[in-house]
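The values are calculated or read from the model by the stated rules, or taken from the named source; none is laboratory data. Worth saying up front: this structure is predicted, and the values here are computed from it rather than measured. Neighbour counts run over all protein chains shown; Cβ positions are idealised from the backbone, glycine included.
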Amino acid sequence: MVHFKTDIGATNPHASGNNDSYKDNLETDVLIVGAGFGGIYLMHKLRQQGFNCKIFEAGKELGGIWHWNCYPGARVDTQIPIYEYSIPEVYEDWTWSERYPGFAELRKYFEHVDKKLDVKKDVAFETRVVGAQFDKPSAKWVIKTEDGRTARARYLLLATGFAAKRHFPDWMGMDKFKGEIHHSSFWPDAGVDVKGKRVAVVGTGSTGVQIAQETAKTAGSVTVFQRTPNLALPMQQKPISEDEQIKRKSDYPEIYKNRMTTFAGFQYDFLQRNTFDDSPEEREAFYEELFKNGGFEFWLANYKDLLFDKDANREAYNFWAKKARARITDPRKRDILAPLEPPHAFGTKRPSLEQNFYEMLDKPENDVVDIKATPIAEVTETSIKTEDGKHREFDVIALATGFDSVTGGMKNMGLRDVDGVDLAEKWKMGTWSYLGMTCSGYPNMFFLYGAQGPTAFSNGPSCVECQGDWIVDAMKKLKDEDIKYIDATHEAEEAWRKNVTELSDKTLFPGTSSWYMGANIPGKPREQLNYAGGIPLYEKECREALNNGFQGFVTA
């Protein structure tokens with residue numbers, strides 16, 4: 001039997017009391033959709049500017065992806081304090097227990113954020129937006145919720161995140177399986193007992209890697225169904241003491257300032273040398289140092305030509321393969337998990353951070369199946385059957401099959417332009433935005449951490465703060481200049497799409513079928529969905545549009 005928990009609860013524990021966010025015919029200056037990093041940041045900054053804001057959140061708590069993510073091993077892939085708000089009242093008395101916090105600690109962090117910023121009083125939880133359209137006569141957005149409520153707001157801000165729409169495979173027989181099936185983003189809060197059980201993990205993105213290495217600790221066996229090898233990097237996880245963090249607090253303003261000067265909003269950046277500027281011995285020593293430091297350094301603090309030059313990229317891949325292969329004793333598994341020939345250019349799919357993934361899968365009781373060579377044919381009552389006719393029996397199936405990323409969330413909420421055309425229809429043949437924050441035909445609507453921004457090529461909080469500050473400054477300018485509404489032009493969208501494509505085409509990204517390019521969803525147009533020029537250039541281009549009198553927009 002398939003067990004998928006639903007998004008919406010039958011009762012709403014938050015709706016009582018003085019919270020007017022749930023009332024029908026709600027009127028507010030700003031309606032924000034989503035109460036994760038982006039939505040909370042926008043609300044905090046806009047409140048400071050005197051805007052009345054409300055948040056509609058589909059989940060039952062704050063935290064966005066960290067409210068939904070509770071699968072085994074779920075943790076962030078960015079080390080602290082880079083993965084948190086640069087808001088002093090939030091960070092000054094908060095400490096973490098380890099370098100890369102897990103989902104339970106991130107949930108506690110959002111409880112702390114609420115205590116400091118008093119967010120929940122203006123949030124309607126378990127509230128899913130199913131329709132929204134701008135009404136020109138009143139210059140207001142009319143927003144409909146799944147349970148029939150209506151809200152009106154001058155501004156609509158979408159902070160739904162880039163992984164907001166789950167992707168389910170369409171294998172025959174999934175409803176017949178008598179064990180448990182869970183999508184990673186619908187994992188039961190109480191967890192799943194895998195002790196001694198036969199577990200299948202389908203998918204090898206970061207979620208699949210985390211589930212596999214974690215469940216392998218107690219499961220009877222873990223079998224990973226892999227379409228593409230994950231070129232995973234060593235996390236180098238370690239505990240961090242409270243004292244150590246408290247001593248560093250005085251450096252935080254500088255740390256947060258510096259992260260916005262790097263390509264991806266991390267604490268490190270590409271080395272300003274090319275791969276072949278160094279001798280083979282120097283290169284080897286440099287690669288070793290990056291691996292020892294752990295995290296994304298081998299990806300984002302590597303030589304500056306890593307993502308541009310095929311030969312340079314191959315050098316990095318060869319080193320990675322050598323390191324990974326040395327950890328796998330089984331020759332068959334070694335060739336599937338870390339082949340000598342690269343499956344794609346290194347770093348053109350987001351690498352995962354692992355702790356003991358290769359050692360766990362190397363154990364004799366665990367296995368890996370190459371489903372590019374032998375695809376999954378169907379799910380039976382007790383097994384997964386591959387096209388070679390082989391049945392593998394399981395008690396639990398974990399679907400780490402990913403998301404309709406970057407555009408999926410916005411296309412799934414009934415957004416209509418001023419002429420009544422659904423955004424899903426407009427974006428059917430490709431994605432158009434201006435600055436990765438606005439869309440033509442959607443006046444006074446802004447979004448962040450979505451299509452054609454630095455999104456997947458960046459640290460989430462860095463991207464959120466870069467775009468959030470721009471949105472807040474734009475709204476303040478509109479208010480100060482008494483502008484009723486602002487709308488991006490078609491010409492500006494076309495120019496931005498061209499810019500995003502040209503930046504991407506200079507790199508090795510287009511040569512890889514990845515969710516960066518929309519290639520993980522059948523029928524989805526293949527295109528670069530992220531701004532590949534880095535946060536500093538992105539911020540410069542967006543600021544120019546704002547400072548040049550809303551260049552690329554019409555105002556009224």
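Looking across the stretch 444-466 at every residue that is in contact with a Gly (Cβ under 6 Å, 6 or more places away or on another chain) and of a type in the set (S, T, N, Q), the one that is farthest from Tyr268 (Cα to Cα) is identified as Gln452. For the stretch 451-459, indicate whether the set of residues that are assigned to a helix (DSSP H, G or I) and not polar (S, T, N, Q) is non-empty. Yes; the residues of the stretch 451-459 include at least one that is assigned to a helix (DSSP H, G or I) and not polar (S, T, N, Q). Among the conditions (1) among the β-branched types (Val, Ile, Thr); (2) surrounded by 23 or more Cβ atoms within 10 Å (Cβ to Cβ); (3) farther than 28 Å from Thr374 by Cα, Thr150 misses just one, which is (2). Checking each residue in the stretch 209-233 for being at pLDDT below 95 and not β-branched (Val, Ile, Thr) picks out only Arg227. Of all the listed residues (Thr501, Thr507), the sole one being β-branched (Val, Ile, Thr), at pLDDT below 95 and either in a helix (DSSP H, G or I) or exposed (fewer than 15 other Cβ atoms within 10 Å of the Cβ) (or both) is Thr501.
I'd like the full set of residues that are farther than 30 Å from His344 by Cα and touching a strand residue (DSSP E or B) at 6+ places or on another chain (Cβ under 7 Å), limited to the stretch 486-513. Listed by number, the residues that qualify are Ile486, Asp487, Ala488, Thr489, Ala492, Glu493. Tell me yes or no: at least one residue of the stretch 63-71 is among the hydrophobic types (A, V, I, L, M, F, W, C) and modelled with pLDDT of 95 or more. Checking the stretch 63-71: not a single residue is among the hydrophobic types (A, V, I, L, M, F, W, C) and modelled with pLDDT of 95 or more. Entry remark, the stretch 514-548: residues being modelled with pLDDT of 95 or more and more than 22 Å from Pro351 (Cα to Cα) number 13 in total. Taking the stretch 372-402 as the range and being of a type in the set (A, V, I, L, M, F, W, C), assigned to a loop (DSSP other than H, G, I, E, B) and at pLDDT below 95 as the test, only Ala400 passes. Screening Lys45 on (1) assigned to a strand (DSSP E or B); (2) surrounded by fewer than 24 Cβ atoms within 10 Å (Cβ to Cβ) shows it passes everything except condition (1). Only one entry of Glu284, Glu254 meets the criterion of being over 30 Å from Asp469 (Cα atoms) and acidic (Asp, Glu), and that entry is Glu284. Going by what's in this entry, would Gly161 be described as in contact with a Gly (Cβ under 6 Å, 6 or more places away or on another chain), surrounded by fewer than 22 Cβ atoms within 10 Å (Cβ to Cβ) and farther than 24 Å from Pro234 by Cβ? No.
Scanning the stretch 121-144 for residues that are free of Cβ contacts under 8 Å to residues at least 60 places away in the same chain and either part of a strand (DSSP E or B) or touching a strand residue (DSSP E or B) at 6+ places or on another chain (Cβ under 9 Å) (or both) returns Asp135, Ser138, Lys140, Val142.
Could you check, for the stretch 167-181, whether at least one of its residues is under 25 Å from the mean Cα position of the chain (by Cα), of a type outside the set (A, V, I, L, M, F, W, C) and crowded, with 16+ Cβ neighbours inside 10 Å? Yes, the stretch 167-181 has at least one match.
All of (1) modelled with pLDDT of 95 or more; (2) farther than 30 Å from Glu465 by Cα; (3) of a type outside the set (Lys, Arg) hold for Pro239 with one exception: (2).
For the stretch 108-115, does any single residue satisfy the condition of being of a type outside the set (Phe, Trp, Tyr), within 16 Å of the chain's Cα centre (by Cα) and surrounded by 21 or more Cβ atoms within 10 Å (Cβ to Cβ)?
No - not one qualifying residue is present in the stretch 108-115.
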